[in-house]
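The values are calculated or read from the model by the stated rules, or taken from the named source; none is laboratory data. The structure presented is a predicted model; accordingly, all values stated were derived computationally and were not measured. Please note: Cβ atoms are built from the backbone with ideal geometry, for glycine as well, and neighbour counts cover all protein chains shown.
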Amino acid sequence: MNQDVSTSNQHVRVPVFQRILDNPFLLLFIGVVMPAVFYIIWGVMEIVTIPVAKP
């Protein structure tokens, strides 16, 4: 009985990935920022590959 009480009082460490998935605002932020960053990088790559016009 005494051992059960001591184990329930111990601090249980929550994994990092579970903390990320449990935070809806962080998921919203990641869901908005990640596509935006990828599309910006993709757009810059497309602009860089456009050949320069000759006068």
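Here are the numbers for this structure:
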| quantity | calculated |
| --- | --- |
| Residue in segment 30-45 that is modelled with pLDDT of 90 or more and among the hydroxyl-bearing types (Ser, Thr, Tyr) present | yes |
| Scope segment 9-26; condition part of a loop (DSSP other than H, G, I, E, B) and loosely packed, with under 10 Cβ neighbours inside 10 Å; matching residues | GLN10, HIS11, VAL12, ARG13, VAL14, PRO15 |
| Segment 2-21 residues that are at pLDDT 85 or above, paired with ones that are in a loop (DSSP other than H, G, I, E, B) and exposed (fewer than 10 other Cβ atoms within 10 Å of the Cβ) (beta carbon under 7 Å, 6 or more apart) | none |
